[in-house]
Amino acid sequence: MARPASKYLIPVGSAAIVYYSASYYWNKNKSDSSLGGGIFHIPVRSRSHDGRVVTKENPITVLSQAEIERKLTNHAVSYSIPRAGERRGRWRYETAAVASNAPIEDAHAEMIIRSGEPGTQVLVGSGATTSPGQPLSGDMLFFAIMDGHSGYNTSRLLAKTLIPSVALELSSLSAAPNDANDATKGWLSYLKSFIPFTHRNTSSASHHPLLSSYPFASDPKYVSTAIQTAFANLDSNIVRAPIQHINALGKLPLDRESEAYQLAVANLLPALSGSCALLAILDQAREDLYVACTGDSRAVAGYKVPALQGNKWEADDLSIDQTGRSRSELERIQSEHPTSEASAVIRSGRVLGSLEPTRAFGDARYKWTKEFQERLGTLFNVADSGVPTRIRAPPDDLLTPPYVTSRPEVTHRKVSFSTSPSNPSPSSAPAVAPPLRFVVLATDGLWDKLSSSAVVDLVGGYLDRSSHSPSVTSVKPDGWTYTDTNVATHLIRNALAGNALTKQPGQWGLSQLMSIPAPYSRRYRDDITVTVVWWEDDDEQTVAEATLAKAKL
């Protein structure tokens, strides 16, 4: 069951945080009384009584259609929020998640900062100027996807802390000396309340954090650096906190009932597990889109391109998967360690032969010294330690840690947030280009099944009114299924079901993949979490509502 955080409405001067949520999911083993009408088998390995590894065929009952639909839609949410500024319309975003692990190791978070009153619009490249500190007219939206591994502790912590950490760091770009009032301090204190490690001084905060017009806040170079700093500082605290608490415990025997011991265990868990993180920031006032990627989750943008017959959609990858299979990541890691380790830092496409993503939060096994990890094993690999997982031995080739970094790669695009074909596409494109219409963020479970271009085609087809309206025929001529009212669920369904035109005979489809229980399902599909963000002008929204109403009739 989804457990979203509470929604907040906190007015601060002319800016307000109107929505913040962090969600993760518990997987419940429910069953449907009506079976799906079939049994299939999967190979399962186990050890026999004499210690040999044997493989047997394990029968799996196909779930009913109702149970499959429940799993697909149980964590699907949809939001429509009025947009600030002169160009009225709405922000739309929809999220869905389907678990493979039990419980799911993915998480997501969102935050929207609203402009409370009209201000001076900063038009980049227009020569317009503003007085430093003036409020801007426009919203700032944050969307994050976390893909956990080796447990859910890191991803759930990031769902609560990553966006506030970045927003707090970005507020420093809008800072003016001796210009902090009580409202601003309260706003920053609110952000810091989500970050248990931070002790940032708010004395130099700007009058309107994030939504003021100081020049550093409009410079992609400074914004990118601030985002990278926030990521690095947050991960540093995640990894260092256990060291500080464990050093304070003293020598054996330890008092496992003490507050100090319990605090050490609580801080240890997010460091032992790990998580990739993907963050998108939409700055309406400055017409900026930033995507920061740590790990192998991916963001892609969709552009609508007029064609001779109808319209077509083009994909723009806003991130690059960071794994041991990437040549650039291999060369980066090799350059950070002695040449004697060149053949060991990445083996079989994995860090030290074990971890697939080369950038991640947590994963302290690749960041702590071997001596500290051996001490952890002595302290906690005992009965009733309070740590729910055994402390793994350090990797054999761990010589010069850290081998994994949380530092993200940041991509910047200029976006007009209009549906008319006048905003720039990527910075290398001509001055007049088709409009960017939507952004998709998803964990690698989706990209294991679908390419970036396929995802853009699916979302584009959904947004096109002919596809978005309910239809008697669920499978369109392009081979994809269009039956969902939530575009994120629409992507997950098609990722698991496959394309009807290219599906091979005997290839498993949605019913089989959704019926395999954890932990066996992890061999066939990963946790999948998807967020799709788009925007509509007032006239387009009216057309969409009329089309949907007509379809219902």
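The values are calculated or read from the model by the stated rules, or taken from the named source; none is laboratory data. Just so you know, these numbers come straight off a predicted model, no measurement behind them. Neighbour counts run over all protein chains shown; Cβ positions are idealised from the backbone, glycine included. With ligands, DNA and RNA removed, areas are computed over all heavy atoms of the protein, side chains included. Shrake-Rupley method; radii C 1.70, N 1.55, O 1.52, S 1.80 Å.
Of all residues in the stretch 254-299, those that are of a type in the set (Lys, Arg) and in a loop (DSSP other than H, G, I, E, B) total 2. Does the stretch 368-375 contain at least one residue that is under 21 Å from Ala248 (Cα atoms), without any contact (Cβ under 8 Å) to a residue 40 or more places away in the chain and acidic (Asp, Glu)? Taking every residue of the stretch 368-375 in turn, at least one turns out to be under 21 Å from Ala248 (Cα atoms), without any contact (Cβ under 8 Å) to a residue 40 or more places away in the chain and acidic (Asp, Glu).
Entry remark, the stretch 105-150: residues being modelled with pLDDT under 95 and open to solvent by less than 30 Å² (accessible area, probe 1.4 Å) number 13 in total. Just one of (1) modelled with pLDDT of 95 or more; (2) part of a loop (DSSP other than H, G, I, E, B); (3) not acidic (Asp, Glu) fails for Leu308. It is (1). Count of the stretch 318-335 residues, restricted to those that are under 16 Å from Leu446 (Cα atoms) and open to solvent by 30 Å² or more (accessible area, probe 1.4 Å), is 2.
Scan the stretch 378-403 for residues that are part of a loop (DSSP other than H, G, I, E, B), of a type in the set (S, T, N, Q) and more than 27 Å from the chain's Cα centre (by Cα) and the total you get is 3.
Which of the residues spanning the stretch 208-224 are open to solvent by 50 Å² or more (accessible area, probe 1.4 Å), at pLDDT below 80 and out of contact with any helix residue (DSSP H, G or I) (no Cβ under 6 Å at 6 or more places or on another chain)? Listed by number, the list holds a single entry, Pro215.
When each of Ile238, Ile246, Ile227 is tested for being in contact with a helix residue (DSSP H, G or I) (Cβ under 9 Å, 6 or more places away or on another chain), surrounded by fewer than 24 Cβ atoms within 10 Å (Cβ to Cβ) and within 27 Å of Asp321 (Cα to Cα), the lone residue that passes is Ile227. All conditions but one from (1) buried (at least 17 other Cβ atoms within 10 Å of the Cβ); (2) part of a strand (DSSP E or B) apply to Gln373; the one that does not is (2).
Taken over the stretch 237-274, the criterion of being under 22 Å from the mean Cα position of the chain (by Cα) and in contact (Cβ under 8 Å) with a residue 60 or more places away in the chain is satisfied by Ile238, Val239, Leu269, Pro270, Ala271, Leu272, Ser273, Gly274.
Yes/no per residue for (1) within 19 Å of Asp106 (Cα to Cα); (2) surrounded by 15 or more Cβ atoms within 10 Å (Cβ to Cβ):
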| site | (1), (2) |
| --- | --- |
| Arg493 | yes, yes |
| Leu496 | yes, yes |
| Leu501 | no, no |
| Trp508 | no, yes |
| Leu513 | yes, yes |
| Val533 | yes, yes |
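Selection of first residues in the stretch 325-339 that are at negative phi and at pLDDT 95 or above and of second residues that are open to solvent by less than 30 Å² (accessible area, probe 1.4 Å) and of a type in the set (Ser, Thr, Tyr), restricted to Cβ pairs under 8 Å at least 6 apart or on distinct chains, gives the following pairs, ordered by first then second residue: Ser326/Thr358; Glu329/Thr323; Glu329/Thr358; Arg332/Thr358; Ile333/Thr358; Ile333/Tyr403; His337/Tyr403. Exactly one of (1) modelled with pLDDT of 90 or more; (2) surrounded by fewer than 16 Cβ atoms within 10 Å (Cβ to Cβ); (3) closer than 30 Å to Tyr482 by Cβ is unmet by Pro59. Its number? Looking at each condition in turn, Pro59 falls short on (3).
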